[in-house]
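What follows is a set of notes on a single structure, which appears directly below.
The values are calculated or read from the model by the stated rules, or taken from the named source; none is laboratory data. As the structure is a prediction and not an experimental result, all values here were calculated from the model. Reconstructed Cβ throughout: ideal geometry from the backbone, glycine too, with neighbour counts over all protein chains shown. Note: accessible area is taken over every heavy atom of the protein model, side chains too, but ligands, DNA and RNA are not part of it. Shrake-Rupley method; radii C 1.70, N 1.55, O 1.52, S 1.80 Å.
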Amino acid sequence: MYKILKKDNDLALMIEQQPMAPDGPMFIYDGSDTALFFRDWGCHLRLKGLSEPTGSLLKAAPEITVFEVLGGEVVRRYTAPVRIVRDVKSLMA
């Protein structure tokens, strides 16, 4: 489960805590209603159902702040660059 939040011009992605620290996280987006968040080579999240306003913000954002949450508490915070690609679904095969 995930949630994307906006405050001013900053975007945040809230996800459940993962067991290990991220290694080279990256948010990949193509302008559709689907994105891919890579935490590391062993863990990635497919984000479906993104709204058009959220997509517009993602296309303009250089990075997104990620909050990993456990029991309502933030346990890890880091940033991930947003990379725009031609077809994010081709990376999910």
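Listed values, structure above:
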{"quantity": "Added length on full extension, which subtracts the Cα-Cα distance from 0.36 nm per residue, Lys89 to Glu73", "calculated": "2.6 nm"}
{"quantity": "Calculated Rg and Dmax of the Cα atoms in Å (choose from (i) 14.4, 43; (ii) 12.4, 36; (iii) 15.0, 54), label", "calculated": "(ii)"}
{"quantity": "The chain, relative contact order [Cα under 8 Å, separation at least 6], %", "calculated": "31 percent"}
{"quantity": "Around Glu52: net Lys/Arg minus Asp/Glu count, Cβ-Cβ under 12 Å", "calculated": "0"}
{"quantity": "Surface share of carbon and sulfur [accessible, 1.4 angstrom probe, percent] for region 43-93", "calculated": "51 percent"}
{"quantity": "Label-point gap, in nm, between Ser51 and Lys7 - each point 7 angstrom along Cα→Cβ", "calculated": "1.9 nm"}
{"quantity": "Beta bridges by DSSP in the chain, antiparallel share as percent, to the nearest 5", "calculated": "75 percent"}
{"quantity": "Potential lengthening between Lys59 and Cys43 on full extension [0.36 nm per residue; Cα-Cα distance subtracted]", "calculated": "3.5 nm"}
{"quantity": "Accessible-area order (highest first, 1.4 angstrom probe) of the listed residues Met14, Met92, Met20", "calculated": "Met20, Met14, Met92"}
{"quantity": "Cross-link reach list, aspartates and glutamates versus Lys59, counting only Cα pairs under 19 Å and skipping chain neighbours closer than eight places", "calculated": "Asp8, Asp10, Asp30, Asp33, Asp87"}
